[in-house]
Amino acid sequence: MLEIRFHGRGGQGTVVASILLANAFFKAGYYVQSFPLFGVERRGAPVEAYLRLDKQEILIRTNVYHPDHVVVMDRSILQAVDVSKGMKKGGYILINAPAVPKGDHWNSAFRPAWVDATRIARDNGLGTRTHPILNTAMMGAFARVLGMPPMEAVVKAIQEEVPDQVEKNVQAAKDAYLAVEGFEI
Amino acid sequence: MVSGHVGCAGCGAAIAMRFFLQALGNQAIMVMPACCWSIIAGSYPMSSLRIPLIHTAFETGGAVASGVRAALDMKGDTQTTVVTWAGDGGTFDIGFQALSGAVERNEDFIYVCYDNEAYMNTGVQRSSSTPYGAWTTTTPGREWKRMRKKNIVEALVAHRIPYAATASIAYPQDLMAKVAKAKAIKGSRFLHIFASCPTGWRIPSELSVKIARMAVQTNIFPLYEVENGVKYTINLSPKGYLVREYFKLQGRFKHLSDQDLSEIQNMVNEDWNLLLRKAGLPQVQGEHM
Amino acid sequence: MKAKNNSIRLPERLLISRSYTTSESNKTGSWRYLMPRYYEKTAPCSVACPAAEDIGRIQMLNTQGFFKEAWDTILVENPFPAVCGRICFHPCEKVCNRGRFDEAVSIRALERFVADTAQRYKLTSGIEPMAFTGKRIAVVGAGPAGLAAAHFLHLLGYDCHVFEALPEPGGILRWGLPRYRLPLAALQPEIERIRNSGVSIYCGQAVGRDFLHSAGETYGAVFMACGAQRMPLLRIPGEDLPGISEGLAFLCSVAQGGGPGFQGTAAVIGGGNTAVDVARCLRRLGARAMIIYRRRREDMPAFAEEIELALLEGVELLELYAPIRIEKEGNGLRLTLQQMKIGAMGADGRMRVVPDENRIRELTVDQVFKAIGFEAAEPWHVPEAGAVSHLKLRQAVLTQGANSVPVVYCGDPVTEIQSVVHAVASAKEGAMALHVLLTGGTAAVAETLAAAAVGPGGSLSMEAFLKGERLNRSSHVVAYEEINIDHFQYAPRMIQPRLLQAERVASFAEIDLKISAGMAIREAERCFNCGLCNQCDNCRLFCPDLAVRQEDSKRGRRIDYDYCKGCGICVVECPRNAMVLEEEQDS
Amino acid sequence: MKQVLEGSHAVAEAVRLAKVQVISAYPITPQTHIVERLSDYCADGTIKARFLRVESEHSALAVMIGAASTGMRTFTATSSQGLALMHELLHWSSGARLPIVMAEVNRALAPGWNIWADQTDSLSQRDTGWIQLYCETGQEVLDTTLLAFRLAEAVNLPVMVVLDAFFLSHTYEPVDIPSQAQVDEFLPPIIPRIQLDPANPCALNQLSPPNIYMEMRYQIHLVMQAALSELEKFEGDFERIFGRRYGAVEPFLCQDAEIILVTSGTITSTSRQFVLDQRAQGEKIGVLKVKLFRPFPVEAVRGYLKNARKVGVIDRNFSFGAGGIFAQEVRAALYGLARRPPVFGFIAGLGGRDVTLESLGEILTRLKTLKRPDPESIWIGLQEVQLAGPKS
C-alpha cells in the first residue's frame, strides 16, 4: 500500500488533485482511498489531502501519518509546514516550482522533484494569474515521477472527472509529465 | 366543521374556523401545530373538521405545510389549498422561524394565525402577542405585561409576501372575502384573525364577538390588507369606541389605572397613524381619532 | 404478549392516531347552564302608536318588498293607513329607538307609501274576518271612529249598519281636513274598502236620541261615534259679532269647494291643528292670515311640522296674545289682545301663562275665525252620568241599561286626545270590549283587553286579541340600550319630497309627494325592528358550536340544544334583541 | 458501475436511484456534500423531486413529516447539532409511523465546537423510535440507503442511515453504483399507508388519551421487532439483485476467536486490518460489527459472542455517567445468557480522534491483561491533562 500526502493552500485544488489521482489509479486497477485532512477549510490556509492505493482492498481508515510520497502544490508552503513530517525514507517530494527550492528542508532521505505547474497551467489557460488551476499539471508530473499511474489512466480520469476545459487540462497533465525534473528522473 | 367540538363556550377561535372554512371550501389540507384547536379538533378517534387535518409539533406550522404542498405539487394536485392553522404562540413565538422560512421561500399556502393573545391552551400564559397592559398567569399582579404586542403582520409584510391581511370574527363578510381573495393568490398568504377568548380574557362568553368588534372599532386591531408587501388597504374605518371602553369589559385589564389607559390610547393612536401613513392616508389627531 | 426476535409478523393495520369519524357524537349541550331561545319583544313605536300598529314587522315586510303583507298588517290594527300615513301626529316616531342612533324612521311616510301602493294596485285586503256571530250592530256616525268601529266589528264577525247624518261618509276626514293634507282620492278608497268588506253605510240618516232606546229591536248593540263638532265659547265680549266664524265650518265649506276668496286679513284664534288648517286655507284663498295664540309656539297643540309649513306659507303667528274683546270697526273687526307672559309650571307640565300687566295690543282685521277645540254637539253623544253598568275604558265607554242593548261610546268625546289614530284606538277598544261583553260578560272585559295590550301604554292589538302570533311576544319594550347598534350603519332619515314652496299656496294640491319604492325600502331598512326577528341569521352565523340550524320553518332556524353550550353569543349578536338568555329550566 | 465516489455522494446516488419525491435539508458540516449533490440533481432534473432548502434542520424534518403524511417518499440528511435540533420531530415522525429516510453523519456535539466523527449524536436518539443502521464503507452507505427505503416503507417507521464524519462522508473510494433497473426491481414505488387526501379526509396525530396511547406505543414496539426479520428478508432480495449482503451484525473471523472486538462504523475497517495483522501473529481475535442498532439484534449478538472468552466493545461515543453506549447494549443483550463472556468497554476516537492500529493494539493489550471488566469504561489514548482546575 502506498500513502501519498498532498500539501497546498485552500482554493488551489489540493483535495481535487488527490481525488483525480485516486481516480487515475482506480482506472489503472488499484484500490484507492482519498480524503482530505478533516478540518475547517479556508481559502489560502494550508490544507492537506491523502491518497491510499493498493492492489488489495484497503481496510484501514485512519489518517495518514507516514506517507510514502508527498506532493506540494505551492512552494511557499515549505516556509510554513514541515512537508516531510513522518515521511518514509526514500520517498518523493514533488513540488510545484521552476527549480528545486533551496533551504534546510531537504535532506538526503527524500527525493525532490519539481515542475513549474503554475506556468504550465497559465500556458494552458487554466485558472487566473492569482489562482491557476494546478491539479491536472501536478497529476501529470506525479505520474511521471512515480512511473504510475499510466498516462492513459490520467487522461481518462481527467476526461471523466473534470467538468470543463477538459482538453486544456489533459494538455497540462501531458506538459507537466514532460517538464517535471528531479532525482533519478 | 361539525358540532360536538370541545372549545370553551363562546370560543372565538371556533367562530374563526367556521368563517374560514365557509369561505375556503373543502378542497384543502390543514396543518395544525399545537394550539387550542389541537383540542377543539377532537381527540382520537373523532374529528370536528371535515377536511384532512394533520396535527403537528408546536413550532412546525410553516414547515409541515411546505412538505404537504411539496407532496401535492409532486402529485400534480393544483386544486387543493394547503392551510396552516396556528395560534399566536405557534405563530408569533415558537413557530416564527418556520413561518419566516416558509414565507421567505414563498411557499404556496395560506397561513392563518388565530390570535387569542396568550397561551390559552396551557392556561393563559403570556405570549409575544399578549397586548401591553394585560394580565396573564405569567404576568400576574403588578407584573402585568409592559411590552407591546408584536406586530406580526408587519413582520410578514417585511417578507414581501403576496398577501397579508388582518381579519376579525366580528366581521365575517370581511373575513370571508379575505379568505376568498387569499385562496385565489399563489404563494405565501398570511391571515391574522383576531379570535377572542372569554376564558383567558376574563369576559362573559356572550361578549366574545362584541369584544372582537370593539378591538377593531378602537383601532387596537385594525382591519387591513397588504399586497406584495407594499400596497396597503385599510378595510374599515372605525366608528369610534375609546380604548378604555374596550379595556373595562375585560378582567385581564382591570388593574390598569387611568394613566395607564391614556398611555395605551396614545400607543394605539400612534400605531394607527403609522398604518394610515403606510396606506397613504392623512394622519389624524385627538383622543378619539 | 411475548415478543420473540425474528418471529414477529407485521401488524396488518396501522394503529395510529388517525380518525375518520366526526365529533358529533359528543353532545356538548350538557355543558350548558344558561339557555338561549328565540323570544320576540315589543318595539317602543308599537307601544306609542294608539292603534298599536306592528310597525317593526311592517318595516321588515317593506324591506323585502312585501308591501301587500305590510298593508294587511296595518289593516288588522288600523283601517286608515292612507289617512294616518298623512295626517297622524306619529307618536311612534318620537320614541323610535333609531332616533337615539341618528334619526327616527319615517314611519308615517312609510305607512302612506304602503297604503298608496295598495290603492295604486287596487289591492284587496287578505284579512279574513271571524265567522259571523249572527249579531247586527248599529254604528252612529261615519267619521273615523264610526268607520273604524264598523271595520273592527266586521273583523270580529258582526254585521254593521253605519248611520251618517251628512250626505257622504268620512266625518272630519272628509269635511274638516284640508285637501292639501288629505286628498279625497286618498280617503275615498279607505272608506270604500270598509264598505266593500260588507259594512252598510247609510248616509243622510241622522239618528236621534230615542234611537238608543229603540235600537235593541234590530241591533244587538249600538256604537256611538258622533265626534265632537261644537266649538266652546271664547267667553269674551263681541264673540258673536258678524264676521266671526267657526274654523271647522270654514274648513267644511272649503272642503265642499266653497269658501270666499278674499284679499283681506283674517285672524285665527287658537293653537290646534284646526287653527293652523284654517290659516293655511285662508292663505290659499288669498288672505293674509294670522294665528293668535295665548301661549308660545312650542306650546301649540298643532303639529310642529304643520306650524312650520304654515309659517313658510306666509301665515303669521302672534304668540302670547289672548283676545279679550272684539269690536266692530268699519267693515272690519278690532281685536283687543292682552299680552301674556310665562308663569309657573302647571300640573300638566305645561307652562302657565298670565297677563303681562296692562300690556294691550289692538289689531284690526277683516274676519275672525275661532278654532279653540271641540266638544260633543249633543249631550246624548256622550255617556250619561250614572248610566247603568257604566264601564269606563281607556279610550271608550261601555254602558248597558237594564232593559236595553249595550251602547259603546267612542271617538273624540271620550278619547284622551282628539286625533284620528285615537279615534281608531277608541273604536278598536270599544269593539273588543263589546265582543267580550257579548260573548263572555262584563266581568271578562278588563282581563281580556289587558291580554291584547301592547306594552304598558294600553294600546290594544287586534291581532293579539284574535290570538295571532303577536300574542307570543314579550311585553318587554325594547330600550335603545338593548339594541346591538354595532350591526347598524348611520343612515340619514329620508327627506320627504314636497311641492315647491311657491306652489303650495297656489292650490289645495297635496304638499307631500309620493316616494318611490326604492326610497321606501331604504327607509324601512333603517328600522331596527326592535325585538323582532328579521332572519338576519347572526345567531346562526356567530354560533361557535354550529348549534343553530337552518330549517324549513317560519323562523328558518332552530337552536340545537344537543350542542348549544349556552355561551350567549347569539343573544348578544342579535341586533334587535329578539332572543333571550335565561336559566336552564329543569325538565 | 464502479466509480471512485465520496461517501456523501454514495448517499446522494442512492437517493437518486430511489426516486425520492421530496427532499429537504439544512446544511451542516459534514453533511453538506450530500445535500449539495442532491440539490444539483434536483436542479438539473436528474431527480424529479421537490427540494426544499429550509431554514433549519427542525423544519427539514417537519417538511418530511408533511410530505410523508401526504404519501411521498422522502429524504433528509443532517448531523450532530442538527440532529439534536430535530429531536422532538424524531419522536414525532416515528409516532406518526412515517417512512422517512435520513442520512445522519456522525459528528461530535458542542461545546467546544467539534465537527469530527463521534456517534453520540445519533445514539442520543436511540429512544426516538427510529431504526438506525451504521455504515462502514461508501458501498455500504449506498446499499444501506436503498435498503432503508424498503424497510421504512414496509414497517412504517423512519430509518436513519448513519455514517462517520469525514472517515466516511468525505472519503473517496470505489463504489459500485447499481443500475436504475436493478434498483427499480428492488425498490418499487411507494404505496403509502398514510395519506392526507381531501377525497377521503381524516385527522392525523390527534390527542390520544391514555386508553389508546399505550397500545399505539406497543404496536411500534412490535413493528420494531418485526423490522429485524423484515431487514433480513430484504437483504435476501438485495443480495439476489446486487450480490451484496451485510446483515444486522457482521462477524469477521469470529468463529474461533477468543477475544472479539465489537465495533461499528469506520472503526470496523481498521479493526479488520488489525485482526488480520494479529491473526498473522497467532492471536485468536475477531471483530463483530454491529450495523443495526435499533432494533438491537439481541439474538445475533448473543450468537456470535457467547463463546468468546472476552469481548471488547469500542465506543466512539459516551453516555455520561454510564459509559459507552454499544457496550451497555451488548452487556444487556448478553445478560440473559447463563454463560456469558465478560464485556469490556473502551472509549476511543471521540470528537474525531483517530483510532489507529496502535489504539487497537492498546485495547488488545488491556483486554489480555484485565481479568474482569470494570464498570468504568476504559478511555483509550487520553493525554496527560490536568483534569482538576487550579485551586482558586
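Read-outs throughout are calculated quantities, based only on the coordinates presented, and are distinct from any laboratory measurement. Quantities reported herein were computed from a predicted structural model and do not represent experimental measurements. When we count neighbours, we look across all protein chains shown, and the Cβ atoms used for this are built from the backbone with ideal geometry, even at glycine.
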If you plug each phi of region C:150-163 into the Karplus form 6.51 cos²θ - 1.76 cosθ + 1.60 with θ = phi - 60°, what whole-Hz ³J(HN,Hα) values come out, in order, with x for Gly and Pro?
-> 4, 4, 6, 5, 4, 4, 7, x, 10, 8, 10, 10, 9, 10
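Let's test the formula: R0 of 35 Å, r as the Cβ-Cβ distance of A:Q56 and B:T78. What FRET efficiency results, to the nearest 0.05?
Working: r = 56 Å, r/R0 = 1.61.
The value I calculate is 0.05.
Place a +1 charge on the Cβ of each Lys and Arg in chain C and a -1 charge on the Cβ of each Asp and Glu, then give the dipole magnitude about the Cα centre in debye, rounded to the nearest 20.
On the way: 66 positive and 68 negative charges, 275 e Å.
That gives a dipole near 1320 debye.
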According to a simple spin-label model (label point 7 Å from Cα along Cα-to-Cβ), what is the distance in nm between C:D537 and C:H476?
-> 2.7
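Express as a percent, rounded to the nearest 5, the fraction of DSSP beta bridges in the protein assembly as shown (both residues included) that run antiparallel. It would help to have the intermediate numbers written out before the result.
Working: 77 of 188 bridges.
About 40 percent, rounded to the nearest 5.
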Using modelled backbone amide H atoms (1.01 Å from N, in-plane), which distant-in-sequence or interchain residues come within less than 5 Å of B:L53's amide H?
-> B:M30, D:C202, D:A203, D:L204
In order through region A:167-181: 3J(HN,Hα) via Karplus (6.51 cos²θ - 1.76 cosθ + 1.60), integer Hz, x for Gly, Pro = 5, 5, 5, 4, 4, 4, 4, 5, 4, 5, 4, 7, 7, 4, 10
Any chance you could check the Cα centroid distance between region D:133-168 and region B:226-289 for me, in angstrom?
-> 57
When all C-alpha to C-alpha distances in chain C are sorted into bins of 20 Å, what percent of pairs does each bin hold, rounded to whole numbers?
-> 18, 45, 26, 6, 3, 2, 0
Extreme residue, positive dipole direction of the protein assembly as shown, given options B:G62, A:P112, C:P36 (C-beta unit charges) | A:P112
For chain D, the longest principal axis of the Cα atoms and the Cα long axis of helix D:267-280 enclose an angle in degrees, to the nearest 10, of 40
Just grab the label-to-label distance for C:K328 and C:T364, each label 7 Å out from Cα along the Cβ direction, in nm (one decimal).
-> 1.6
Work out from phi, with θ = phi - 60° and the Karplus expression 6.51 cos²θ - 1.76 cosθ + 1.60, the ³J(HN,Hα) of each residue of region A:48-65, listed in order in whole Hz, and give x for Gly and Pro.
-> 10, 9, 10, 9, 10, 9, 7, 7, 10, 4, 8, 9, 5, 10, 10, 5, 8, 10
Which residues' amide hydrogens lie under 5 Å from the amide hydrogen of C:R498, considering only partners 5 or more residues apart or on another chain, with H built in the peptide plane?
-> C:L513
Cα centroid separation - region D:1-64 against region A:128-172, whole Å | 29
Charged-residue dipole, Cβ positions (Lys, Arg, Asp, Glu), the protein assembly as shown about Cα centre, Debye nearest 20 | 1620
Just grab the label-to-label distance for D:M216 and C:E357, each label 7 Å out from Cα along the Cβ direction, in nm (one decimal).
-> 10.0
Return C:C281, D:C42 ranked ascending by Cβ neighbour count within 10 Å, so the fewest neighbours appear first.
-> D:C42, C:C281
Please figure out what share of the DSSP beta bridges in chain D is antiparallel and state it in percent, rounded to the nearest 5.
-> 25
FRET E, pair B:I185, B:N151, Förster distance 22 Å, beta-carbon r, rounded to 0.05 | 0.50
Under 24 Å from the Cα of C:K27, which lysines turn up, not counting those fewer than eight places away in the same chain?
-> C:K565
Please work out the Cα center distance from region C:100-116 to region B:1-79, rounded to the nearest Å.
-> 49
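Jot down the per residue volume, in cubic angstrom and as a whole number, of the convex hull over the alpha-carbon atoms of region C:515-587. Could you put the intermediate results ahead of the total?
Details: hull volume 8.2 nm³, N = 73.
Once divided by residue count, the hull of region C:515-587 is 113 Å³.
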Pull up all non-local amide H partners of C:V105: gap of 5 or more, or a different chain, and H-to-H distance under 5 Å with H placed in the peptide plane.
-> C:R98, C:G99
Cross-link reach list, lysines versus D:K289, counting only Cα pairs under 26 Å and skipping chain neighbours closer than eight places | A:K55, C:K4, D:K2, D:K233, D:K306, D:K310, D:K368, D:K371
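Between B:T137 and B:L249, how high is the FRET efficiency from 1/(1 + (r/R0)^6) when r is the Cβ-Cβ distance and R₀ = 30 Å? Nearest 0.05. Don't skip to the end; give the middle numbers.
Values: r = 20 Å, r/R0 = 0.67.
After rounding to 0.05, the efficiency reads 0.90.
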Dipole of region C:184-325 [Lys/Arg +1, Asp/Glu -1 at C-beta], most positive-end residue of C:L282, C:Y219, C:A206 | C:L282
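Give me the net charge for the shell around C:L460: Cβ to Cβ below 9 angstrom, other residues only, Lys and Arg +1, Asp and Glu -1.
Numbers: positive: C:R394, C:K428; negative: C:E77, C:E429.
Every neighbour counted, the sum reads 0.
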Out of C:L393, B:I185, D:S69 - ranked by how far each Cα lies towards the positive end of the dipole of the protein assembly as shown, with unit charges on the beta-carbon of charged residues - the top one is D:S69
Final fewest-first order of C:T439, C:T22, D:T365, A:T118 on the 10 Å Cβ neighbour count is D:T365, C:T439, C:T22, A:T118
If we count every other residue with Cβ under 15 angstrom of D:K289's Cβ, Lys/Arg +1 and Asp/Glu -1, where does the sum land?
-> -2
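Placing unit charges on C-beta atoms (Lys and Arg positive, Asp and Glu negative, everything else neutral), compute the dipole magnitude of region C:403-503 about its Cα centre in debye, rounded to 20. Mind dumping the intermediate values first?
Values: 6 positive and 10 negative charges, 43 e Å.
Here the size comes out at about 200 debye.
Quick check on the protein assembly as shown: helices-only [θ] at 222 nm, where DSSP H runs of length 4 and up contribute -39,500 (n - 2.57) each and the sum goes over total residues. Nearest 500, please. Each step should come with its number before you reach the end.
Details: 49 runs with 497 residues, N = 1453.
Value at 222 nm, helices only: -10000 deg cm²/dmol.
Taking square-rooted eigenvalues a ≥ b ≥ c of the alpha carbon gyration tensor, is region D:249-379 rounded, prolate or oblate, where a/c under 1.5 means rounded and, failing that, a/b exceeding b/c means prolate? Intermediate values should be presented prior to the final figure.
Numbers: a/c = 1.30, a/b = 1.06, b/c = 1.22.
Verdict is rounded for region D:249-379.
So what is the relative contact order for region C:244-370, in percent, with contacts set as C-alpha pairs under 8 Å and at least six apart?
Numbers: 263 pairs, mean separation 34.0, N = 127.
Over region C:244-370, the number comes to 27 percent.
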Longest segment of chain A lacking trypsin sites (Lys or Arg not before Pro) that sit in a DSSP loop with at most 15 other Cβ atoms within 10 Å = A:130-185
Out of the DSSP beta bridges found with both residues in region A:2-182, what percent are antiparallel (nearest 5)?
-> 55
Rounded, prolate or oblate: which fits region C:398-536, taking a ≥ b ≥ c as square roots of the Cα gyration tensor eigenvalues, rounded meaning a/c under 1.5, else prolate when a/b beats b/c?
-> oblate
Determine the shape class of chain A: with a ≥ b ≥ c the square roots of the Cα gyration tensor eigenvalues, call it rounded for a/c under 1.5, and otherwise prolate if a/b is greater than b/c, oblate otherwise.
-> rounded
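Would you mind calculating the gained length between C:T133 and C:R13 on full extension (0.36 nm times residue separation, minus the Cα-Cα distance), in nm to one decimal? Display every interim value, and only then the final one.
Details: separation 120, 0.36 × 120 = 43.20 nm, distance 7.85 nm.
Gain on extension, C:T133 to C:R13, equals 35.4 nm.
Report the convex hull volume per residue for region B:12-278, counting only C-alpha atoms, in Å³.
Hull volume over Cα atoms, normalised by residue count, gives 113 Å³.
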